[in-house]
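Each remark here refers to the structure printed beneath this line.
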Amino acid sequence: MRRRTMLAAPLLATPLLASTAGAQPAGVAFEEFLVPGGDPGIQLYLRNKRGESTPAGRGDRVVLCLHGATYPASTSFDLPVGGVSWMDYMAGRGFDVWCLDLRNYGRSTREAAMGQPPEANAPLTSGEIAQKDIAAAAAFIRQRRNVPKIVHLGWSWGTSLQARFAADNPSLVERLVLYAPQWLRDGPSPAAAGAGETLGAYRSVTRADARARWFNGVPEAKRASLFPAGWYEHWADATFATDPEGMRQVPSALRAPNGVLADSRAYWQSGKPFYDPAAITAPTLLVLAEWDRDTPPALAMALFPLLTRSPGKRLVVLAEGTHGILLERNRGALFQAVQVFLEEPIAG
(Lines give C-alpha, C1' and ligand atoms only; values in the text may rest on other atoms or scores of the structure.)
Protein backbone atom coordinates (compact mmCIF):
# COMPACT_ATOMS: atom_id res chain seq x y z
CA MET A 1 0.00 0.00 0.00
CA ARG A 2 1.18 3.50 -0.82
CA ARG A 3 -0.38 6.67 0.52
CA ARG A 4 0.99 10.09 -0.33
CA THR A 5 -0.25 13.64 -0.06
CA MET A 6 1.09 16.03 -2.68
CA LEU A 7 0.88 19.66 -3.61
CA ALA A 8 1.26 20.60 -7.25
CA ALA A 9 3.46 23.58 -8.11
CA PRO A 10 3.18 26.50 -7.78
CA LEU A 11 1.13 25.96 -4.60
CA LEU A 12 3.80 24.22 -2.55
CA ALA A 13 3.24 26.40 0.52
CA THR A 14 -0.42 25.46 0.87
CA PRO A 15 -1.07 22.56 3.27
CA LEU A 16 -3.78 19.98 2.75
CA LEU A 17 -6.30 19.30 5.47
CA ALA A 18 -5.93 16.04 7.34
CA SER A 19 -6.86 13.19 5.03
CA THR A 20 -10.12 11.34 5.60
CA ALA A 21 -8.90 8.30 3.67
CA GLY A 22 -8.07 5.20 5.69
CA ALA A 23 -6.14 2.09 4.76
CA GLN A 24 -6.41 1.18 1.10
CA PRO A 25 -7.14 -2.26 -0.37
CA ALA A 26 -4.13 -4.42 -1.16
CA GLY A 27 -2.62 -3.56 -4.53
CA VAL A 28 -4.24 -0.11 -4.71
CA ALA A 29 -2.07 3.01 -4.60
CA PHE A 30 -3.49 6.24 -3.16
CA GLU A 31 -2.41 9.85 -3.71
CA GLU A 32 -4.02 13.26 -3.22
CA PHE A 33 -3.11 16.63 -4.68
CA LEU A 34 -3.94 20.31 -4.55
CA VAL A 35 -3.61 21.72 -8.06
CA PRO A 36 -4.12 25.25 -9.43
CA GLY A 37 -7.72 25.85 -10.46
CA GLY A 38 -9.12 27.76 -13.38
CA ASP A 39 -8.63 31.17 -11.72
CA PRO A 40 -5.89 32.73 -9.56
CA GLY A 41 -6.13 31.78 -5.89
CA ILE A 42 -8.22 28.65 -6.52
CA GLN A 43 -6.86 25.28 -5.44
CA LEU A 44 -8.58 22.07 -6.47
CA TYR A 45 -8.53 18.86 -4.49
CA LEU A 46 -7.80 15.76 -6.59
CA ARG A 47 -7.75 12.22 -5.24
CA ASN A 48 -6.22 9.30 -7.15
CA LYS A 49 -6.59 5.53 -6.82
CA ARG A 50 -4.90 3.11 -9.18
CA GLY A 51 -3.80 -0.47 -9.33
CA GLU A 52 -0.11 -0.68 -8.49
CA SER A 53 0.43 -2.73 -11.66
CA THR A 54 -1.76 -0.54 -13.88
CA PRO A 55 0.12 0.11 -17.15
CA ALA A 56 1.11 3.72 -17.80
CA GLY A 57 0.32 5.70 -20.92
CA ARG A 58 -3.20 4.37 -21.55
CA GLY A 59 -5.75 7.17 -21.64
CA ASP A 60 -8.58 4.65 -21.96
CA ARG A 61 -7.67 3.49 -18.44
CA VAL A 62 -7.53 6.97 -16.86
CA VAL A 63 -10.87 8.20 -15.46
CA LEU A 64 -11.82 11.59 -14.00
CA CYS A 65 -14.95 11.42 -11.78
CA LEU A 66 -16.99 14.54 -11.02
CA HIS A 67 -19.61 15.03 -8.31
CA GLY A 68 -23.11 16.46 -8.53
CA ALA A 69 -24.79 19.62 -7.24
CA THR A 70 -24.55 19.10 -3.49
CA TYR A 71 -22.01 16.56 -2.23
CA PRO A 72 -18.23 16.41 -2.78
CA ALA A 73 -16.51 13.77 -4.91
CA SER A 74 -14.47 11.95 -2.27
CA THR A 75 -17.42 10.76 -0.16
CA SER A 76 -19.35 9.80 -3.29
CA PHE A 77 -16.82 7.93 -5.41
CA ASP A 78 -14.36 6.90 -2.71
CA LEU A 79 -16.43 5.93 0.34
CA PRO A 80 -15.58 2.31 1.24
CA VAL A 81 -19.00 1.00 2.23
CA GLY A 82 -19.05 -2.77 2.28
CA GLY A 83 -15.26 -2.65 2.31
CA VAL A 84 -14.78 -1.11 -1.12
CA SER A 85 -15.44 2.22 -2.87
CA TRP A 86 -16.29 2.71 -6.54
CA MET A 87 -12.78 4.07 -7.07
CA ASP A 88 -11.34 0.96 -5.36
CA TYR A 89 -13.43 -1.23 -7.66
CA MET A 90 -12.15 0.47 -10.80
CA ALA A 91 -8.58 0.53 -9.54
CA GLY A 92 -8.83 -3.18 -8.83
CA ARG A 93 -9.78 -3.68 -12.47
CA GLY A 94 -6.57 -1.97 -13.61
CA PHE A 95 -7.84 1.59 -13.95
CA ASP A 96 -6.21 4.87 -12.89
CA VAL A 97 -9.10 6.73 -11.24
CA TRP A 98 -9.29 10.36 -10.13
CA CYS A 99 -12.02 12.38 -8.44
CA LEU A 100 -12.30 16.16 -8.36
CA ASP A 101 -13.91 18.61 -5.93
CA LEU A 102 -14.88 21.80 -7.76
CA ARG A 103 -14.22 25.11 -6.02
CA ASN A 104 -16.46 25.66 -2.97
CA TYR A 105 -16.97 21.90 -2.59
CA GLY A 106 -15.22 19.44 -0.31
CA ARG A 107 -11.53 20.15 0.21
CA SER A 108 -11.06 22.59 -2.65
CA THR A 109 -10.83 26.36 -2.08
CA ARG A 110 -13.84 27.92 -0.38
CA GLU A 111 -14.24 31.47 -1.61
CA ALA A 112 -14.83 34.26 0.90
CA ALA A 113 -18.54 34.41 0.05
CA MET A 114 -18.99 30.89 1.45
CA GLY A 115 -18.20 32.31 4.91
CA GLN A 116 -20.68 35.20 4.62
CA PRO A 117 -24.49 35.18 4.83
CA PRO A 118 -25.75 33.58 1.61
CA GLU A 119 -27.94 36.55 0.71
CA ALA A 120 -24.89 38.84 0.62
CA ASN A 121 -23.58 37.37 -2.64
CA ALA A 122 -24.67 35.98 -5.98
CA PRO A 123 -24.74 32.20 -6.60
CA LEU A 124 -21.28 30.61 -6.60
CA THR A 125 -19.72 27.99 -8.91
CA SER A 126 -21.77 28.26 -12.07
CA GLY A 127 -21.37 25.74 -14.86
CA GLU A 128 -19.18 28.13 -16.81
CA ILE A 129 -16.88 28.54 -13.81
CA ALA A 130 -16.85 24.79 -13.27
CA GLN A 131 -15.62 24.32 -16.85
CA LYS A 132 -12.45 26.20 -15.92
CA ASP A 133 -11.80 23.87 -13.00
CA ILE A 134 -12.49 20.71 -15.01
CA ALA A 135 -10.11 21.92 -17.71
CA ALA A 136 -7.39 22.64 -15.15
CA ALA A 137 -7.77 19.28 -13.38
CA ALA A 138 -7.94 17.27 -16.60
CA ALA A 139 -4.86 19.02 -17.97
CA PHE A 140 -2.95 18.18 -14.79
CA ILE A 141 -3.93 14.51 -15.07
CA ARG A 142 -3.13 14.25 -18.78
CA GLN A 143 0.27 15.81 -18.23
CA ARG A 144 1.07 13.68 -15.20
CA ARG A 145 0.09 10.46 -16.99
CA ASN A 146 1.44 11.59 -20.38
CA VAL A 147 -1.75 10.77 -22.29
CA PRO A 148 -3.54 12.90 -24.90
CA LYS A 149 -7.05 12.23 -23.60
CA ILE A 150 -8.86 10.55 -20.72
CA VAL A 151 -12.27 9.17 -19.73
CA HIS A 152 -14.66 11.72 -18.20
CA LEU A 153 -17.36 10.46 -15.79
CA GLY A 154 -20.00 12.63 -14.13
CA TRP A 155 -22.86 12.14 -11.69
CA SER A 156 -26.04 14.25 -11.90
CA TRP A 157 -24.98 17.92 -12.39
CA GLY A 158 -21.54 16.50 -13.10
CA THR A 159 -22.96 14.83 -16.23
CA SER A 160 -23.86 18.22 -17.70
CA LEU A 161 -20.43 19.61 -16.87
CA GLN A 162 -18.54 16.61 -18.26
CA ALA A 163 -20.76 16.48 -21.36
CA ARG A 164 -20.15 20.18 -21.99
CA PHE A 165 -16.41 19.60 -21.67
CA ALA A 166 -16.63 16.68 -24.10
CA ALA A 167 -18.66 18.73 -26.59
CA ASP A 168 -16.21 21.64 -26.45
CA ASN A 169 -13.04 19.51 -26.35
CA PRO A 170 -13.62 16.35 -28.42
CA SER A 171 -9.91 15.67 -28.88
CA LEU A 172 -9.38 15.44 -25.10
CA VAL A 173 -12.10 12.92 -24.18
CA GLU A 174 -11.59 9.16 -24.62
CA ARG A 175 -15.04 8.05 -23.44
CA LEU A 176 -17.89 9.72 -21.57
CA VAL A 177 -19.95 8.22 -18.73
CA LEU A 178 -23.10 10.10 -17.71
CA TYR A 179 -24.50 8.59 -14.51
CA ALA A 180 -27.97 10.01 -13.74
CA PRO A 181 -27.86 12.55 -16.59
CA GLN A 182 -29.63 15.89 -16.54
CA TRP A 183 -31.67 17.04 -19.51
CA LEU A 184 -34.55 19.40 -20.27
CA ARG A 185 -37.40 19.15 -17.80
CA ASP A 186 -40.79 20.77 -17.26
CA GLY A 187 -40.27 21.69 -13.61
CA PRO A 188 -37.50 22.07 -11.04
CA SER A 189 -35.56 19.10 -9.75
CA PRO A 190 -36.02 18.02 -6.10
CA ALA A 191 -32.74 19.81 -5.27
CA ALA A 192 -33.99 23.17 -6.53
CA ALA A 193 -35.24 26.08 -4.45
CA GLY A 194 -38.71 27.54 -4.94
CA ALA A 195 -39.35 29.06 -8.35
CA GLY A 196 -39.72 32.59 -7.03
CA GLU A 197 -37.04 32.38 -4.36
CA THR A 198 -34.00 34.61 -4.69
CA LEU A 199 -30.84 32.54 -4.80
CA GLY A 200 -27.97 33.46 -2.54
CA ALA A 201 -24.35 32.34 -2.80
CA TYR A 202 -25.06 28.93 -1.31
CA ARG A 203 -27.71 26.81 0.39
CA SER A 204 -27.53 24.76 3.58
CA VAL A 205 -28.68 21.14 3.47
CA THR A 206 -29.43 19.33 6.74
CA ARG A 207 -29.22 15.59 7.30
CA ALA A 208 -33.00 15.43 7.37
CA ASP A 209 -33.13 17.21 3.99
CA ALA A 210 -30.60 14.80 2.53
CA ARG A 211 -32.41 11.71 3.76
CA ALA A 212 -35.83 12.87 2.55
CA ARG A 213 -34.45 13.64 -0.90
CA TRP A 214 -32.61 10.31 -1.10
CA PHE A 215 -35.70 8.22 -0.32
CA ASN A 216 -37.98 10.21 -2.63
CA GLY A 217 -39.56 7.79 -5.08
CA VAL A 218 -38.59 4.58 -3.26
CA PRO A 219 -41.61 2.28 -2.70
CA GLU A 220 -42.45 2.10 0.98
CA ALA A 221 -41.95 -1.66 1.07
CA LYS A 222 -38.40 -1.28 -0.31
CA ARG A 223 -37.09 1.53 1.90
CA ALA A 224 -35.80 -0.62 4.72
CA SER A 225 -33.65 -2.66 2.32
CA LEU A 226 -32.25 0.20 0.21
CA PHE A 227 -29.04 0.35 2.30
CA PRO A 228 -27.29 -2.39 4.27
CA ALA A 229 -27.10 -1.49 7.97
CA GLY A 230 -24.92 1.52 8.69
CA TRP A 231 -24.13 2.49 5.08
CA TYR A 232 -26.28 5.60 4.95
CA GLU A 233 -25.06 6.83 8.34
CA HIS A 234 -21.44 6.27 7.31
CA TRP A 235 -21.99 8.34 4.16
CA ALA A 236 -23.74 11.14 6.09
CA ASP A 237 -21.02 11.31 8.75
CA ALA A 238 -18.22 11.45 6.16
CA THR A 239 -19.99 13.91 3.86
CA PHE A 240 -21.11 16.45 6.47
CA ALA A 241 -17.64 16.35 8.05
CA THR A 242 -16.24 17.91 4.85
CA ASP A 243 -17.85 21.21 5.89
CA PRO A 244 -16.54 22.05 9.40
CA GLU A 245 -18.31 25.41 9.47
CA GLY A 246 -21.62 23.81 8.56
CA MET A 247 -21.04 21.19 11.26
CA ARG A 248 -21.05 23.96 13.85
CA GLN A 249 -24.59 24.98 12.91
CA VAL A 250 -27.63 23.66 14.76
CA PRO A 251 -28.82 21.46 13.20
CA SER A 252 -25.60 20.60 11.40
CA ALA A 253 -25.64 21.36 7.69
CA LEU A 254 -23.65 21.01 4.50
CA ARG A 255 -23.24 24.25 2.53
CA ALA A 256 -23.46 23.83 -1.25
CA PRO A 257 -22.95 26.58 -3.87
CA ASN A 258 -26.04 27.77 -5.72
CA GLY A 259 -24.52 28.24 -9.18
CA VAL A 260 -26.06 24.93 -10.19
CA LEU A 261 -29.55 26.15 -9.24
CA ALA A 262 -29.09 29.41 -11.14
CA ASP A 263 -28.00 27.38 -14.16
CA SER A 264 -31.01 25.11 -13.81
CA ARG A 265 -33.31 28.11 -14.09
CA ALA A 266 -31.36 29.65 -16.96
CA TYR A 267 -31.01 26.42 -18.95
CA TRP A 268 -32.89 23.23 -18.16
CA GLN A 269 -36.12 24.74 -16.83
CA SER A 270 -36.10 27.32 -19.64
CA GLY A 271 -35.78 24.79 -22.44
CA LYS A 272 -32.13 25.62 -23.17
CA PRO A 273 -29.54 22.82 -23.06
CA PHE A 274 -26.20 23.60 -21.39
CA TYR A 275 -24.43 21.69 -24.15
CA ASP A 276 -25.05 20.27 -27.63
CA PRO A 277 -25.27 16.45 -27.56
CA ALA A 278 -24.57 16.32 -31.29
CA ALA A 279 -21.13 17.84 -30.66
CA ILE A 280 -20.06 14.86 -28.53
CA THR A 281 -17.93 12.46 -30.57
CA ALA A 282 -16.73 10.17 -27.76
CA PRO A 283 -18.43 6.85 -27.03
CA THR A 284 -21.04 7.68 -24.38
CA LEU A 285 -22.86 5.70 -21.71
CA LEU A 286 -26.05 6.93 -20.06
CA VAL A 287 -26.78 4.97 -16.89
CA LEU A 288 -29.29 5.51 -14.08
CA ALA A 289 -31.68 3.70 -11.76
CA GLU A 290 -35.42 3.27 -12.01
CA TRP A 291 -36.38 5.14 -8.81
CA ASP A 292 -34.37 8.25 -9.66
CA ARG A 293 -36.54 11.33 -9.09
CA ASP A 294 -33.78 13.93 -9.47
CA THR A 295 -33.03 12.84 -13.05
CA PRO A 296 -35.83 10.45 -14.03
CA PRO A 297 -35.31 7.87 -16.79
CA ALA A 298 -37.43 9.97 -19.17
CA LEU A 299 -34.65 12.58 -19.28
CA ALA A 300 -32.04 10.04 -20.34
CA MET A 301 -34.39 8.59 -22.93
CA ALA A 302 -34.92 12.05 -24.43
CA LEU A 303 -31.17 12.72 -24.48
CA PHE A 304 -30.08 9.38 -25.95
CA PRO A 305 -31.21 9.87 -29.59
CA LEU A 306 -29.60 13.33 -29.65
CA LEU A 307 -26.11 11.82 -29.28
CA THR A 308 -25.96 11.45 -33.04
CA ARG A 309 -22.15 11.40 -33.35
CA SER A 310 -21.34 9.15 -30.40
CA PRO A 311 -20.12 5.72 -31.59
CA GLY A 312 -21.18 2.77 -29.46
CA LYS A 313 -23.53 4.87 -27.34
CA ARG A 314 -25.73 2.99 -24.91
CA LEU A 315 -28.44 3.57 -22.32
CA VAL A 316 -28.73 1.36 -19.23
CA VAL A 317 -31.53 1.56 -16.64
CA LEU A 318 -30.85 -0.34 -13.42
CA ALA A 319 -33.48 -1.96 -11.20
CA GLU A 320 -34.27 -0.95 -7.63
CA GLY A 321 -32.06 2.05 -7.11
CA THR A 322 -32.28 5.81 -6.74
CA HIS A 323 -30.26 8.83 -7.84
CA GLY A 324 -27.62 7.67 -5.35
CA ILE A 325 -27.41 4.00 -6.32
CA LEU A 326 -23.60 4.25 -6.19
CA LEU A 327 -23.88 3.94 -2.38
CA GLU A 328 -26.88 1.58 -2.14
CA ARG A 329 -27.30 -2.19 -1.84
CA ASN A 330 -27.52 -2.60 -5.63
CA ARG A 331 -24.43 -0.48 -6.37
CA GLY A 332 -22.70 -3.48 -7.94
CA ALA A 333 -25.05 -3.29 -10.91
CA LEU A 334 -23.89 0.29 -11.57
CA PHE A 335 -20.22 -0.60 -11.18
CA GLN A 336 -20.54 -3.53 -13.57
CA ALA A 337 -22.51 -1.62 -16.21
CA VAL A 338 -19.92 1.16 -16.28
CA GLN A 339 -17.00 -1.28 -16.24
CA VAL A 340 -18.35 -3.24 -19.19
CA PHE A 341 -18.62 -0.01 -21.17
CA LEU A 342 -15.11 1.08 -20.23
CA GLU A 343 -13.48 -2.24 -21.05
CA GLU A 344 -15.28 -3.24 -24.23
CA PRO A 345 -13.73 -2.26 -27.58
CA ILE A 346 -15.94 0.15 -29.50
CA ALA A 347 -15.59 0.62 -33.24
CA GLY A 348 -15.58 4.30 -34.16
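The values are calculated or read from the model by the stated rules, or taken from the named source; none is laboratory data. None of the values given here were measured: they were computed from a predicted structure. Using ideal geometry, Cβ is built from the backbone for each residue, glycine included, and neighbour counts are taken over all protein chains shown. Accessible surface is based on the protein model in full, side chains and every heavy atom, while ligands, DNA and RNA are left aside. Shrake-Rupley method; radii C 1.70, N 1.55, O 1.52, S 1.80 Å.
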- Query: What about residue 124, is it in contact with a strand residue (DSSP E or B) (Cβ under 9 Å, 6 or more places away or on another chain) and in a loop (DSSP other than H, G, I, E, B)?
  - Reply: yes
- Any strands (runs of 3 or more DSSP E) falling wholly within segment 1-110 and containing at least 3 residues that are more than 26 Å from residue 181 (Cα to Cα), out of contact with any helix residue (DSSP H, G or I) (no Cβ under 7 Å at 6 or more places or on another chain) and at pLDDT below 95: 2-7
- Item | segment 233-251 - residue that is assigned to a helix (DSSP H, G or I) and in contact (Cβ under 8 Å) with a residue 24 or more places away in the chain and, of those, surrounded by the fewest Cβ atoms within 10 Å (Cβ to Cβ) | 245
- Message: Being on the phi < 0 side of the Ramachandran plot and open to solvent by 50 Å² or more (accessible area, probe 1.4 Å) is true for just one of 175, 211, 203. Which residue is that?
- Response: 211
- Task: Inspect all residues belonging to segment 252-263 and state whether any of them is more than 26 Å from residue 335 (Cβ to Cβ), touching a helix residue (DSSP H, G or I) at 6+ places or on another chain (Cβ under 7 Å) and part of a loop (DSSP other than H, G, I, E, B).
- Result: yes
- Message: For the structure I just gave you, tell me whether residue 107 is of a type in the set (D, E, K, R), crowded, with 19+ Cβ neighbours inside 10 Å and in contact (Cβ under 8 Å) with a residue 60 or more places away in the chain.
- Response: yes
- Note on the structure: By residue number, the members of segment 305-343 that are assigned to a loop (DSSP other than H, G, I, E, B), under 20 Å from the mean Cα position of the chain (by Cα) and either of a type in the set (A, V, I, L, M) or closer than 16 Å to residue 181 by Cα (or both) are 321, 322, 323, 324
- Task: State which residue is farthest from residue 83 (Cα to Cα) when the search covers only segment 214-232 and only residues that are hydrophobic (A, V, I, L, M, F, W, C) and open to solvent by less than 70 Å² (accessible area, probe 1.4 Å).
- Result: 218
